[in-house]
1. Of the conditions (1) outside any loop (DSSP other than H, G, I, E, B); (2) free of Cβ contacts under 8 Å to residues at least 24 places away in the same chain, ALA181 clears all except one; give me its number.
2. Collect the residues in the stretch 284-320 that are part of a loop (DSSP other than H, G, I, E, B) and either aromatic (Phe, Trp, Tyr) or over 23 Å from SER66 (Cβ atoms) (or both), keeping them in residue-number order.
3. How many residues does the stretch 125-166 contain that are of a type in the set (Val, Ile, Thr), assigned to a helix (DSSP H, G or I) and closer than 19 Å to SER256 by Cβ?
4. If you go through the stretch 78-90 one residue at a time, do you hit one that is closer than 23 Å to ALA180 by Cβ and more than 13 Å from the ligand (Cβ to nearest atom)?
5. Can you tell me which residue is farthest from the ligand (Cβ to nearest atom) among those in the stretch 1-58 that are part of a loop (DSSP other than H, G, I, E, B) and open to solvent by less than 10 Å² (accessible area, probe 1.4 Å)?
6. Among the residues of the stretch 265-274, is any within 12 Å of the ligand (Cβ to nearest atom) and free of Cβ contacts under 8 Å to residues at least 40 places away in the same chain?
7. Which of the residues belonging to the stretch 260-280 are surrounded by 23 or more Cβ atoms within 10 Å (Cβ to Cβ) and in a loop (DSSP other than H, G, I, E, B)?
8. Among the residues of the stretch 102-117, which ones are open to solvent by 30 Å² or more (accessible area, probe 1.4 Å) and either modelled with pLDDT of 95 or more or farther than 18 Å from ARG136 by Cα (or both)?
Amino acid sequence: MQRKIAVMAGDGIGPEVMAEATKVLAKVAVKFGHSFEFKLGLIGGAAIDAVGDALPAETLALGEASDAILFGSVGGPKWETLPRDQQPERRGLLGIRKHFKLFANLRPSVVYSELAAQSVLRADIVGQGFDVLIVRELTGGIYFGKPREIVVTHAGKRAVDTMVYTSAEIERIARVGFEAARKRSKKLTSVDKANVLDSSVLWREVVASLAADYPDVELNHLYVDNAAMQLVKNPRQFDVIVTENMFGDILSDLSSVLPGSLGMIPSASLGEGNFGLYEPAGGSAPDIAGLGIANPIAQILSVAMLLKYSFGLNAEAEAIEKAVHETIQAGLRTADIWTEETTKVKTAEMGKAILERI
Ligand code: NAD
């Protein structure tokens, strides 16, 4: 298979962990006989320093000419005093997501039994480990609905937000959820608040109506309050969760603390077709940038997601995931997940150990 990948490392630990991820990509290409061409694009603070714009036109053009984007992270103290619309996060990351109309955010939360001690959950709840994928709608719902305003009335101020979804928007994201479940353990939980919200009544109706197209996927529905409880009480019951924008924002942040370090969590933001942007769930980690101690696993697992969701290369993705798990089983740990009985390694050593196991 021949594919073009735009690589945008960004700021802070971005370039450090990206160096390991691109080596993994190159190894997979050789091992499985693919040709991946990757070109580097400037983004975020690095792009501001180089060309004065966090999202240069050349970077957008590179993304457009590519089949997928592998993204690092952007931002840091150096650019925090710039006007908000010029800052790396807003102009760079939000700008690129908007440009490519990325409407689905996929965030897996994988907790290995070997890392149970790092999880905020009790060891008996982690058990043999678990793997939950949250699929969040990104472009609709209460964050974008109109009217949205604060008005002054004779009785004081009044604020309005609008939770709005069309059946087409719901169907589009639900299909991403069903398709993702198909690539995994074939179980989909749709999360809503259909006992209170009309938008959720429609949500549930549309999701349920699609079930017939996916007879191999087992579908159930949960209210969002119950889903939050179940995620910490018994996360092993879940495979894929699909939900609207605000519920997904909250649940995916909740699920991202379960593995114990942001350095373990990749993510995907998908648009129409097979295009997607893949990045670690964490940020540029200025507190450890330049020290060579960042955990490269989130960036490396972002490569696995890219191969799976944009290129349909499931065996290749699984080879990476297996290599990561085996490296953890071998007792290698970066500082963020290290415990006394394990071996502390730096970013490059962790990357090399994973590479060798592919
Ligand atoms: P952060 O995710 O960068 O860091 C939070 C904590 O997690 C830090 O202690 C950090 O050291 C740790 N951490 C994160 N990734 C790690 C890794 N791979 N290995 C080891 N430890 C890791 O969040 P923050 O400190 O709130 O934000 C720092 C900067 O990143 C800010 O400028 C913020 O705006 C930006 N940010 C960018 C993105 C993005 O590019 N997608 C996301 C979040 C934050």
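The values are calculated or read from the model by the stated rules, or taken from the named source; none is laboratory data. Here the structure is a predicted model, which is why all the values come from computation and not from measurement. All Cβ positions, even for glycine, are placed from backbone atoms using ideal geometry, and neighbour counts span all protein chains on display. The protein model used for the area step is the full one, side chains on, heavy atoms only, and it has no ligands, DNA or RNA in it. Shrake-Rupley method; radii C 1.70, N 1.55, O 1.52, S 1.80 Å.
1. Result: ALA181 fails condition (2) only.
2. ALA285, PRO286, ASP287, ILE288, ALA289, GLY290, LEU291, GLY292, ILE293, ALA294, ASN295, PHE311
3. Summing the residues that are of a type in the set (Val, Ile, Thr), assigned to a helix (DSSP H, G or I) and closer than 19 Å to SER256 by Cβ in the stretch 125-166 gives 2.
4. no
5. Looking at the filtered set, the residue picked out is PRO56.
6. So far as the stretch 265-274 goes, no, none of its residues is within 12 Å of the ligand (Cβ to nearest atom) and free of Cβ contacts under 8 Å to residues at least 40 places away in the same chain.
7. Scanning the stretch 260-280 gives a single hit, ILE265.
8. ARG107, SER113, GLU114, ALA117
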